[in-house]
Amino acid sequence: MKKMVTALAVLAASACMLTSCAGKASKKAQGKVFNIYCWNEEFQSRFKDFFEAAGKVPADVKVNWIITPNQGNAYQNKLDEALLQQENAAADDKVDLFLVEADYALKYVDTAYTLDVKKDIGLTDADLANQYKYTQDIMTDSKKVLKGVSWQACPGGFIYRRSFAKAVLGTDDPAQVQAYLSDWDKFDAVAAQMKAHGYFMLSGFDDAFRVFSDNVKSPWVTDNKINVDPSIKHWVAQTKTYTDKGYNNKANLWSAESGNGAKKNGKVFGYFGPGWFIDFCLAGWTKDDPDGPNAVGNGSFGDWAFCKGPQGFSWGGTWICGAAGSDNTQLIHDIMYTMTCDKATMTAISEKTGDFTNNEAAMTEVAAGSYKSDFLGGQNHLALLLDSAKSIDKSSMSAYDQGMAEKLQAAMADYYNGKVDETTAWNNFYTSVLELYPNLSK
């Protein structure tokens, strides 16, 4: 795997080759093959349900999905290779649309590989007016040019098992459960209660990481020196305590063990996550019959509820970027407008999937309406996220976030499992980070 810093350098050095492509893209005839690069089927399902099903793909255009999993940086490597070949690629092979995540969005924002959403693609300030500001801040380059848009905003909370809450706390009501979990001291106290009743407060090591990492006050890197914010150190200390006291199930996020904790016979009380995590991940994990209905009786589906938890936070998000050199800028425009600006579409996505979409007017309407989540026992959880979405601040984001998070979690897993002491774990973290980013210092 190429070092991430090398990939960044290559993209930056090669970007100038496509500058003319970016400026001329909108003048080209529209192509007949539309290539979309992404890493899973989340956007594909949204696209098919809310764009393709609405008859908005031209009859003479073939949509080609190039899906490469994220594991081992495979998706970024595949995308980078295609973008480096973009200038000389045949028209039908060029990247038209590609997706990026928050952790590495900045890698692509300040390059000429991403089209100007307004100048090149044609979205207007009026079109974009209802989007949450932070979703645009993340994709705005150093010249104040918007380079990508998202259909989702990602404020998060704590998704908990109703039956466990009733057994331990005497209530499953979200407002009352929130009172028990409103700060970390209270959260820790409930963790001890859950353990006494045979339940795990969290599934494993990484479950709370995004809450702490999203509440840092300083970036990972300052003047080329690695900086560890106190919030990150809090996560390390809490996770070690939870592991030693049996408050978690020692699972790694995305592992089978983590998902199994949510099943009918699982023992995990709750998971931290935003709307996409509920719909695209947790709901599926809870079902005994994966192909069966999303209904009460299929595993623990429906035995869940949502509250804010000890700290507000956001996690993730997916952004749509138009690729410089594309010969399909009109279709890029139509996709971006429909999937990230159109209030009716934003409302429909939320009401069907429970995702918190990137349109303040739509979310205010859905939060005040009759929407109910079957997975969350009939709760309208979106109403709890409105204030959090307005207050999301990504000013501490950097191009190092993905690498830092991955190396920290890997190094600390050995500490949590008792394989090394804390000092050794931190030394291993610094060693792995400096190998990944040789331009930095401890």
Among V61, V95, the single one that is touching a helix residue (DSSP H, G or I) at 6+ places or on another chain (Cβ under 9 Å), β-branched (V, I, T) and farther than 30 Å from W254 by Cβ is V61
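Are any residues in the range 160-185 touching a helix residue (DSSP H, G or I) at 6+ places or on another chain (Cβ under 6 Å) and either of a type outside the set (G, A, S) or not in a helix (DSSP H, G or I) (or both), and if so, which ones?
V168, L169, D172, V177, Y180, L181
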Next on the checklist: Can you say whether A348 is closer than 30 Å to K32 by Cβ, surrounded by fewer than 22 Cβ atoms within 10 Å (Cβ to Cβ) and in the same structural domain as A59 (by TED's automatic domain parsing), as far as the supplied structure shows?
Outcome noted: yes
Quick count over the range 90-140, residues being in a strand (DSSP E or B) and touching a Lys or Arg at 6+ places or on another chain (Cβ under 6 Å), is 1
For the range 393-413, pairs from a residue that is of a type outside the set (S, T, Y) to a residue that is part of a loop (DSSP other than H, G, I, E, B), with Cβ under 6 Å and 6 or more apart or across chains, are K394/I138; M404/W220; Q409/D206; A413/F205
Within the range 41-58, restricting to residues that are of a type in the set (F, W, Y) and in contact with a helix residue (DSSP H, G or I) (Cβ under 8 Å, 6 or more places away or on another chain), the one that is surrounded by the most Cβ atoms within 10 Å (Cβ to Cβ) is F47
Looking across the range 369-386 at residues that are without any contact (Cβ under 8 Å) to a residue 60 or more places away in the chain and in a helix (DSSP H, G or I), the single one that is farthest from G292 (Cα to Cα) is L386
Checked against (1) more than 26 Å from F205 (Cβ to Cβ); (2) modelled with pLDDT of 95 or more; (3) among the basic types (K, R), K407 satisfies every condition except (1)
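Condition check ((1) part of a helix (DSSP H, G or I); (2) hydrophobic (A, V, I, L, M, F, W, C)) across all residues:
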{"position": "M346", "(1), (2)": "yes, yes"}
{"position": "K352", "(1), (2)": "yes, no"}
{"position": "D355", "(1), (2)": "no, no"}
{"position": "M363", "(1), (2)": "yes, yes"}
{"position": "A367", "(1), (2)": "yes, yes"}
Screening G297, G266 for residues that are free of Cβ contacts under 8 Å to residues at least 40 places away in the same chain, outside the structural domain of M363 (by TED's automatic domain parsing) and out of contact with any helix residue (DSSP H, G or I) (no Cβ under 7 Å at 6 or more places or on another chain) leaves only G297
A careful count of residues in the range 351-364 that are surrounded by fewer than 17 Cβ atoms within 10 Å (Cβ to Cβ) and at pLDDT 95 or above gives 2
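Hey, among the residues in the range 250-294 that are of a type in the set (D, E) and within 22 Å of the chain's Cα centre (by Cα), which one's nearest to G309 (Cα to Cα)? Please lay out each step first, then the result.
Here is the first cut: in the range 250-294, the ones of a type in the set (D, E) are 257, 279, 288-289, 291.
Narrowing the set further to residues that are within 22 Å of the chain's Cα centre (by Cα) leaves 257, 279.
Numbers: E257: 23, D279: 19 Å.
Result: D279.
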Given (1) assigned to a helix (DSSP H, G or I); (2) within 22 Å of I349 (Cα to Cα), S258 misses just (2)
Checked the range 313-344 for anything modelled with pLDDT of 95 or more, among the small types (G, A, S) and in a loop (DSSP other than H, G, I, E, B); matches are A324, G325, S326
Going through the range 62-89 in order, the residues found to be part of a helix (DSSP H, G or I) and of a type in the set (F, W, Y) are Y75
Of the listed residues (Y271, Y242), the one being touching a residue at least 60 places away in the same chain (Cβ under 8 Å), outside any loop (DSSP other than H, G, I, E, B) and either within 22 Å of D393 (Cα to Cα) or touching a helix residue (DSSP H, G or I) at 6+ places or on another chain (Cβ under 7 Å) (or both) is Y271
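The values are calculated or read from the model by the stated rules, or taken from the named source; none is laboratory data. These numbers come from a predicted model, not from an experiment. Ideal geometry is used to build each Cβ from the backbone, glycine not excepted, and the neighbour counts take in all protein chains shown.
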